[in-house]
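The following block contains the structure, expressed as structure tokens.
The values are calculated or read from the model by the stated rules, or taken from the named source; none is laboratory data. These numbers come from a predicted model, not from an experiment. Backbone-built Cβ (ideal geometry, glycine too); neighbour counts: all protein chains shown. Surface accessibility is based on the protein's heavy atoms, side chains included, excluding ligands, DNA and RNA. Shrake-Rupley method; radii C 1.70, N 1.55, O 1.52, S 1.80 Å.
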Amino acid sequence: MKYLKLLNGTENWKEVSYTEALDTLLTTYKNNDITREMLTIPGEIPCKLSFIRVI
């Protein structure tokens, strides 16, 4: 899987590692199996100050 991060107020997606994508998700969502499962399904995930795109 490939992970991209977009900070609010910016226009460019930045490729990030699984660990950084997970750290970003954990700022908004609880640390559990469902949150980790979100990183295995292609799509966009809204977070507090950014978006994570899973490809």
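Considering only the range 10-22, how many residues are open to solvent by 90 Å² or more (accessible area, probe 1.4 Å) and at pLDDT below 95?
1
Now, a different point. Could you count how many residues in the range 23-50 are open to solvent by less than 90 Å² (accessible area, probe 1.4 Å) and touching a Ser or Thr at 6+ places or on another chain (Cβ under 8 Å)?
7
A further question follows. Need at least 1 residues that are among the β-branched types (Val, Ile, Thr) and free of Cβ contacts under 8 Å to residues at least 60 places away in the same chain per element, so show me which strands (runs of 3 or more DSSP E) inside the chain make the cut, counting only ones lying wholly within it.
Result: 14-16, 43-46, 50-54.
Can you pull out every residue in the range 2-26 that is farther than 15 Å from residue 49 by Cβ and of a type in the set (Lys, Arg)?
Correct list: 2 only.
Moving on. With modelled with pLDDT of 95 or more and among the basic types (Lys, Arg) as the only criterion, which of 48, 2 stands out?
On the way: 48 fails: modelled with pLDDT of 95 or more.
From the options 48, 2, the qualifying one is 2.
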